[in-house]
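Reviewing the structure listed below.
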Amino acid sequence: MSQAASSSVQKARQALAGRLRELAKDAGLEGKDLAARCGWHPSKVSRISTGKSRPSEGDIRAWCRVCDAEDQAGDLVAALRDVEGMWLTWQRLERAGLRRSQDERLPLYQRTRRFRAYSSWALPGLLQTYRYTEDVLRTIQRQRVPLDDVADAVAARMERQRVLYEGQRLFAFLIEEPVLRNTLSTGEAQEEQLEHLLTVSGLPNVSLGIVPVAQQRCQLPVENFWVYDNAQVNVELASGYLTLTQPSEVKVYADTFATLAEMAVYGDRARALLVKARDSLV
């Protein structure tokens, strides 16, 4: 897990541990007393209360019961599930194939009204053509997913692109210029993809910015990330998928996006880079 992912998850674990400590304090229970009532070794209480060990749902319910706070068990179990959902390894996320991970994001896309996406190594899924998506997902499937459901996953991603054309949604995409020349797809599919970008960039609800290679940088490239309204950020890392909902963490990525946006070119200058990349394929 990256340092950013580790820090975010640890903060959430510490917040949950703090709530459990408060319950014990309010009940007047020392760690050894709580452990005895739960039938645990005292070290288990210490590890949970300091955030060093992740409690199970059963642990939380037992903790609440002996603290006479069973009415809070539901909220604390929900908080635990939020912590567990913050960080998902690709192995866990894709264990049932690629289609499921595509479908699970659809409700988020449907309720979001303002999308901001930054891409440093591959085009955002909402901008991908069928063949480009097929090439990208096939590469992923060969590297880490035993189940081959690429065709279904591609269909799901194409269906998700309907949000571009439905409802009052705004989209801002930032793409590093080298992404236009990546080798994740074949030459013919890449040419088709670049033509599609030229078309989509003309939509009235879409802003497409390209960060030129020659641009003097005040912000280093970072991992691919999405900002959904001001409510959630998803970050794609080499080892997994990070979800952030804390306002302070969302703001960090929103501010990073704003900094990168100032470095990008738009309109005719962006289209010129797209045409240059397309023509270089010939």
>> Can you give the local net charge around residue 139? Use residues other than it whose beta-carbon is closer than 15 angstrom to its beta-carbon, Lys and Arg +1, Asp and Glu -1.
In response: -1
> Using 0.36 nm per residue, how much length does the chain from residue 214 to residue 263 gain when fully extended, once their Cα-Cα distance is taken away?
Replying inline: 16.6 nm
>> Taking 8 Å as the Cα distance limit and 6 or more residues as the minimum spacing, I'd like the relative contact order of the chain as a percentage.
In response: 19
> Pulled fully out, how much extra length does the chain show between residue 238 and residue 106, if you take 0.36 nm times their separation in residues and subtract their Cα-Cα distance?
Replying inline: 45.3 nm
> How large are Rg and Dmax for the range 146-282 when only the alpha carbon atoms are used, in Å?
Replying inline: 16.1, 46
> Of all DSSP beta bridges in the range 94-279, what percent run antiparallel (nearest 5)?
Replying inline: 55
> Name the chymotrypsin sites (Phe, Trp or Tyr not before Pro) in the range 1-101 that are in a loop by DSSP and that have at most 11 other C-beta atoms within 10 Å, would you?
Replying inline: none
> How large is the helix-only mean residue ellipticity at 222 nm for the chain, computed as the sum of -39500 (n - 2.57) over DSSP H runs with n ≥ 4, divided by its residue count, in deg cm²/dmol to the nearest 500?
Replying inline: -16500 deg cm²/dmol
> Rounded, prolate or oblate: which fits the range 3-86 when a ≥ b ≥ c are the square roots of the eigenvalues of the alpha-carbon gyration tensor, with rounded for a/c under 1.5 and prolate only if a/b beats b/c?
Replying inline: prolate
> If you place +1 on the Cβ of every Lys and Arg and -1 on the Cβ of every Asp and Glu, how big does the dipole about the Cα centre of the range 94-279 come out, in debye to the nearest 20?
Replying inline: 300
>> At R0 = 35 Å, how high is the FRET efficiency between residue 192 and residue 61 if r is their beta carbon distance? Nearest 0.05 is fine.
In response: 0.05
> If you take the C-alpha gyration tensor of the chain, multiply each eigenvalue by 5 and take the square root, what semi-axes do you get, largest first, in whole Å?
Replying inline: 44, 20, 16
>> Give the lysines reachable from residue 276 as a straight Cα distance under 29 Å; neighbours fewer than 8 places away on the same chain don't count.
In response: none
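Tell me, 150, 66 in order of fewest to most beta-carbon neighbours within 10 Å?
Result, fewest neighbours first: 66, 150.
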>> Could you give the length gained by full extension between residue 53 and residue 166, i.e. 0.36 nm per residue of separation minus their alpha carbon distance, to one decimal place?
In response: 36.2 nm
> Could you name the lysines in cross-link range of residue 44, using Cα to Cα under 29 Å and dropping any fewer than eight places away on the same chain?
Replying inline: 11, 25, 32, 52
> Given 280, 248, 233, which one lies farthest toward the positive end of the charge dipole of the chain, if we put +1 on the Cβ of every Lys and Arg and -1 on the Cβ of every Asp and Glu?
Replying inline: 248
>> Can you compute the charge dipole magnitude of the range 3-86 about its Cα centre, using +1 on each Lys and Arg Cβ and -1 on each Asp and Glu Cβ, nothing else charged? Give it in debye, rounded to the nearest 20.
In response: 420
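Readers should treat all values here as calculations from the given coordinates under stated rules, not as data from a laboratory. Quick caveat: nothing in here was measured; it's all calculated off a predicted structure. A quick note on method: Cβ atoms are made from the backbone with ideal geometry, for glycine too, and the neighbour counts reach across all protein chains shown.
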